[in-house]
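Step one of this worksheet: look at the structure below.
The values are calculated or read from the model by the stated rules, or taken from the named source; none is laboratory data. Note that the structure is predicted; figures quoted are calculated from it, not measured. Using ideal geometry, Cβ is built from the backbone for each residue, glycine included, and neighbour counts are taken over all protein chains shown. Protein only, heavy atoms only, side chains kept; ligands, DNA and RNA dropped before computing areas. Shrake-Rupley method; radii C 1.70, N 1.55, O 1.52, S 1.80 Å.
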Amino acid sequence: MNGDSKKESKNKVRFNILDAIIILVVLLCIAGIVFRYTLMDRLGLREELTDFQVTFRIEGVNYTLPGFLKEGDRLYFDDGTEVGELLGVAKFSAYTKQTAGSETLIVRPSARYITDSGGRPVYASYPEFTLIDADGAFICRGTYSSEGYFLLDGKKYLAPGQRITLYTDTVTLQMTITGISPAQ
Amino acid sequence: MGYTISDERRRDSGENKPLHRRINVLDIIFIIVILLAALFVASFFTPLNIFGSKSEQRTISYTVEIEGVEAGLADSVRNGDVVYDSVSKSAVGVVTAVKKSDMVKYVYNPELGILEAVAYPQDNNQNTPKTLRITIQATADYSAGSGYRVKGSRISVGSPVTLCFPGFTGTGTCIAVYIVGGTEEAER
């Protein structure tokens, strides 16, 4: 009788390291889901996202570049994260496609300060069909943190003066952010 | 399957159950399911796109402008030349057009108040640096967000591109990208 009970206890399934790993992974998964749907809100990381209009400037690019952009083009970071959509010029300015010189950008000859023969700084423009400067805008989802700074998609810090590189399918845009405002 | 020699001995001696649990198919399936669940959760927090669109191959034509190329080297690039990848040395595309022009410098014209283009003067060997516009047709991998990539390098207007030929290499700026046979880009 005593021997049988010893045998029974020996035959019980033992808890091994693999079980511990599986349980740990399951717990981590649960923790991840809880963090995603609960804690992020509590930490203010997923505040209510709304549409924002971000204006930008690009400088000293080839005059052919605006021809490869169209309204609604999706913008991405280098890692493929979607940022937003390009706006048509009429959506963020008083310009039309014809007066702006492009469907999405307000185009003008590139200009910069240079030094003339007398050593004085002068502001001069490049000739047509060489280099251009342009202003544009895109719409994105974002929010303001409790500290007052803008977070793109509730995560990435963005502010006027910041230089970022965004991509469409066919264009690389090295831009300076000039303004962020709630979309109308 | 799944039993050790000691388990065989134990079975022979009348003990039916094995002493140690072994990993079986069910455990492996369970682990795979958990790993997939973990990847799915991770996709919410990172740019990792597990269930994203696959890339597809498209033929593109792109133009690269390279400035300051020696006249002799500029003459060595011709239609039909093969462009090679600098790393893998494999062919990436074929030259379909070459346009050469004198390289210019933009200088301030005080009378007009603008910058104007002035061509570089010839040197003692009657050479002037050239600006090359080389158009290449190539097969690119396309996926949304990743754009067009030739041998892994993104081809997009405004980005730097290095072209390698057997007798010349140079880095310039991409100034045009068209999808061959596509109507959308061709209309622009």
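Between amide H atoms placed 1.01 Å from N, distances below 5 Å from A:Val122 occur with A:Ile114, A:Thr115, A:Asp116, all of them 5 or more places distant or on a separate chain.
When the charge dipole of chain A is built from unit charges on Cβ atoms (+1 for Lys and Arg, -1 for Asp and Glu) and taken about the Cα centre, the candidate among A:Tyr157, A:Thr176, A:Thr115 whose Cα reaches farthest toward its positive end is A:Tyr157. Computed from the C-beta positions of B:Val87 and B:Tyr142 and an R0 of 25 Å, the FRET efficiency is 0.75 to the nearest 0.05. In a simple Cβ point-charge model (Lys, Arg +1; Asp, Glu -1; nothing else charged), chain A has a dipole of about 760 debye relative to its Cα centre.
For each pair in A:Lys70/B:Lys54; B:Lys99/B:Lys130; A:Lys70/A:Lys91; B:Lys54/B:Lys151, compute the distance between the two Cα atoms and list the pairs where it is over 19 Å. In this structure, A:Lys70/B:Lys54 exceed 19 Å between Cα atoms. Free of any chymotrypsin sites (Phe, Trp or Tyr not before Pro) that DSSP assigns to a loop and that have at most 16 other C-beta atoms within 10 Å, the longest stretch within chain A is A:16-76. Against the main long axis of the alpha-carbon atoms of chain A, helix A:2-11 sits at an angle near 20°. Interface of B with A. Using a 1.4 Å probe and counting protein heavy atoms only, the two chains hide about 3600 Å² of accessible surface, both sides summed. Ellipsoid semi-axes for the range A:50-182, based on the Cα gyration tensor and the rule √(5λ), read 28, 18, 14 Å when sorted largest first. In chain A, the longest principal axis of the Cα atoms and the axis of helix A:17-34 are about 40 degrees apart. Of the residues A:Thr96, A:Thr115, A:Thr81, the one that moves most in a GNM of chain A with alpha-carbon contacts below 10 Å is A:Thr115.
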